[in-house]
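Read through the structure below, which is laid out as structure tokens, and then see the notes.
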Amino acid sequence: MNSTQKVLLINTHLTYPNWSEGLLNDAFHQKAKDFFTAKNFEVLETKVEDGYNADEEVEKHLKADIIILQTPINWFGAPWIYKKYVDEVFNSGLHSAKFLAGDGRTREDSSRQYGTGGKMQGKKFMVSSTWNAPKEAFGNPEQILFQGISSANFLMHITNNYRFCGVEIVADYNCFDIFKDGNIVGDLENYPKHLEKVFEI
């Protein structure tokens, strides 16, 4: 693997002292870091909770070939600090025209679809997330809460930010049922196999 390849690892866990310290998300983040380091990637990192500069985050995104978000799912979404991060970073990328040039539509060509104005083609984005929900809650229309949707469908409010900017979305990786009957050890062990498969490295 060419050593010039770069990956941006974003960890958006939000610490709640004596309740949710972030050790599991840190473990997945580190597992990804070790994987890409072994593949001779340059690893760029952001821990949202520790603070960031939006313009610098734009530059990290532009440098990266691969972008991975590591997040818990709290109340059916990423922690609020991630929404703040997205608003600030993607607004910077919009205003500088580095992420996209408009929404893709033009008055001259009515066939141009909404969401085709991105400038970040050639990059790939993935979500790795930790859930209290069990895997069985997804893909089954008899399940009351998610009503048959997949985890990928559920995560579209995250992945579509990147798709809107031209980034290819690859299959998400999830650690389900972390408080009851999950297989955290197995999920950590299998994570590198997923990375190898979806990024074809």
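The values are calculated or read from the model by the stated rules, or taken from the named source; none is laboratory data. Quick caveat: nothing in here was measured; it's all calculated off a predicted structure. No Cβ is skipped: glycine too gets one built from the backbone with ideal geometry, and neighbour counts run over all protein chains shown.
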(message) Can you pull out every residue in region 1-33 that is more than 25 Å from residue 189 (Cβ to Cβ) and among the aromatic types (Phe, Trp, Tyr)?
(response) 16, 19
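Among the residues of region 58-83, which ones are more than 18 Å from residue 165 (Cα to Cα) and of a type outside the set (A, V, I, L, M)? Steps first, answer last, please.
Here is the first cut: in region 58-83, the residues more than 18 Å from residue 165 (Cα to Cα) are 70-81.
70, 71, 72, 74, 75, 76, 77, 79, 80 - these are the residues of region 58-83 that are more than 18 Å from residue 165 (Cα to Cα) and of a type outside the set (A, V, I, L, M).
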(message) Given the criterion exposed (fewer than 14 other Cβ atoms within 10 Å of the Cβ), among the hydrophobic types (A, V, I, L, M, F, W, C) and within 19 Å of the chain's Cα centre (by Cα), identify the matching residue among 171, 133.
(response) 171
(request) Residue by residue through region 104-118, note down the ones that are over 17 Å from residue 159 (Cβ atoms) and either of a type in the set (D, E, K, R) or under 20 Å from the mean Cα position of the chain (by Cα) (or both). (result) 105, 107, 108, 109, 112
(request) Output the residue which, of all residues in region 1-41 that are under 26 Å from residue 84 (Cα atoms) and over 17 Å from the mean Cα position of the chain (by Cα), is surrounded by the most Cβ atoms within 10 Å (Cβ to Cβ). (result) 20
(request) Within region 109-167, count every residue that is of a type in the set (Val, Ile, Thr) and at pLDDT 95 or above. (result) 5
